[in-house]
Amino acid sequence: MAKISFLLLALLLIAIAFPVEVMGAGGGGKLKPWQCSSKCSSRCSGTQYKKACLTFCNKCCATCLCVPPGTYGNKGACPCYNNWKTKEGGPKCP
């Protein structure tokens with residue numbers, strides 16, 4: 001029983017210590033986390049709601065490691081980014 005508890009604790013600590021690798025593994029993107037800011041600045045350059053766009057774009061990029069090209073649309077190029085929805089079912093990522 002003690003071995004199982006130790007193993008579960010070790011796995012939990014590993015998951016907490018490396019969240020980017022665990023979350024990014026399902027994202028399918030090729031970006032590095034430090035590239036998100038510049039990609040999102042480009043993505044949000046055409047909107048009047050820059051602060052909100054940058055907040056959500058950076059959050060989505062951190063998880064998906066991908067930002068679609070252009071300032072609007074093209075979400076098919078980044079499935080994780082495209083499929084992340086709000087509680088209400090709308091798109092989470094700009």
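The values are calculated or read from the model by the stated rules, or taken from the named source; none is laboratory data. All of these numbers come straight from a predicted model, not from anything done at the bench. We place every Cβ from the backbone using ideal geometry, glycine too, and count neighbours over all the protein chains shown.
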Any residue that is within 17 Å of W84 (Cα to Cα), at pLDDT 95 or above and not basic (K, R) - is there at least one of those in segment 15-29? no
Out of everything in segment 33-54 that is of a type in the set (S, T, N, Q) and either assigned to a helix (DSSP H, G or I) or touching a Lys or Arg at 6+ places or on another chain (Cβ under 9 Å) (or both), what residue ends up being surrounded by the fewest Cβ atoms within 10 Å (Cβ to Cβ)? S38
Which residue is farthest from K32 (Cα to Cα), if the candidates are limited to segment 55-94 and must be among the aliphatic types (A, V, I, L, M) and crowded, with 21+ Cβ neighbours inside 10 Å? V67
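Give the residues of segment 65-84 that are assigned to a loop (DSSP other than H, G, I, E, B) and more than 13 Å from the chain's Cα centre (by Cα), sorted by residue number. Reasoning before the result, please.
Residues of segment 65-84 that are assigned to a loop (DSSP other than H, G, I, E, B), as a first pass: 65-74, 78, 84.
Result: P69, G70, T71, Y72, G73, N74.
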Here are the criteria: (1) part of a helix (DSSP H, G or I); (2) farther than 17 Å from K30 by Cα. Tell me which single one K87 does not satisfy. (1)
